[in-house]
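Written below as structure tokens is the structure these notes are about.
The values are calculated or read from the model by the stated rules, or taken from the named source; none is laboratory data. Keep in mind that what you see is a predicted model, and the values were worked out from it rather than measured. The protein model used for the area step is the full one, side chains on, heavy atoms only, and it has no ligands, DNA or RNA in it. Shrake-Rupley method; radii C 1.70, N 1.55, O 1.52, S 1.80 Å.
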Amino acid sequence: MNKNIILYIIGLLVLTFPACEKVIDANLNESDPKIVIQGEIAQDSLCWVKVSKSKKFGDDNQFPGIENAVVSIKNTSGQEEILSFNDLGIYVSKVIRGQLGEKYELTVLVEDQTFTASSTLPEKVKIDSINIYNLITPGGDTLRIPRIFYIDPLGISNYNRKLLFINGMQIKKTIFADDDSFRDGNLIKDLLFYDTEETNDESLKDGDLVRVEMQSIDKGAFDFFNTLKYISQLLTNPTSNIRGGALGYFSAYSQDTISMEVNLELKNEE
């Protein structure tokens with residue numbers, strides 16, 4: 001895979017939608033632009049899809065949506081809809097919303113090419129609680145890390161993606177994607193280590209507001225985000241669930257959200 005495509009994927013996700021690693025700093029070769037598709041449908045929400053194109057390294061960091069694509073979605077209940085292009089450069093459904101257990105089939109026709117993807121919307125895994133874990137570094141500093149607790153449903157393969165917000169700002173340079181390998185049915189304590197560069201290298205302090213959104217996703221979407229975590233080390237494509245050669249992902253998901261105000265006087269369970 002050409003390295004400028006890797007840079008494009010990371011840069012696009014930073015600029016538009018949640019969660020990614022640091023941008024790669026490297027001399028990148030030229031390559032032909034590729035179609036990039038990003039699509040999501042959350043429980044009880046409309047579907048949105050962005051269709052864009054990668055650029056050569058050195059070009060500007062603007063990735064406008066392609067307007068002349070035909071984007072459609074259908075579900076296992078027999079509904080089918082062509083999405084409408086809006087002023088934000090995104091295709092949005094007007095009728096079809098995410099429903100538990102439904103499988104959604106996405107089709108994108110653009111520039112004489114056809115791309116397809118599918119995703120099934122799983123049951124929500126509920127977050128039980130949240131606290132702040134105090135980690136003492138080798139240098140003696142205290143690193144304060146958000147930690148969420150939840151019980152993994154027994155006997156079901158579960159995959160999730162978490163979004164972390166601090167004082168309303170989303171942490172985008174770190175991807176949180178996990179499955180329940182080796183912890184099926186257990187009480188799970190997930191530490192959300194993040195890049196403090198996005199908070200001006202400041203640790204959490206009294207009064208800070210922390211919010212975590214946990215998306216329950218299917219394996220296809222998980223494979224994309226899980227491999228995207230390591231893209232700067234592997235220098236290869238993340239594992240996309242888009243068929244036909246486009247970059248990107250399509251994810252149907254349920255979600256749970258929890259928030260807290262940081263109080264450093266609280267003694268949290270270790």
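Under 5 Å between amide hydrogens, which residues at least 5 positions from Ile188 or on another chain qualify, with H placed 1.01 Å from N in the peptide plane? Amide H neighbours of Ile188, under 5 Å, 5+ apart: Tyr150, Ile151, Asp152.
Shown for the stretch 137-222: the carbon plus sulfur share of the solvent-accessible area, taken with all protein chains present and a 1.4 angstrom probe, equals 52%. The slack in the chain from Ser45 to Asn68, taken as 0.36 nm per residue of separation less the alpha-carbon distance, amounts to 5.9 nm.
In this structure, the amide hydrogen of Lys53, modeled 1.01 Å from its nitrogen in the peptide plane, lies closer than 5 angstrom to those of Val36, counting only residues at least 5 positions away or on a different chain.
For Lys34, the accessible surface of its heavy atoms amounts to roughly 90 Å² (probe 1.4 Å, protein chains only, rounded to the nearest 10).
Does the stretch 175-234 come out rounded, prolate or oblate, given a ≥ b ≥ c as the square roots of the eigenvalues of its C-alpha gyration tensor, rounded meaning a/c under 1.5 and, failing that, prolate meaning a/b above b/c? It comes out oblate by the Cα gyration axes.
Pairs to check: Lys124/Lys219; Lys103/Lys219; Lys74/Lys94; Lys50/Lys94; Lys126/Lys173. Give those whose C-alpha atoms are more than 18 Å from each other in this structure.
Correct reply: Lys126/Lys173.
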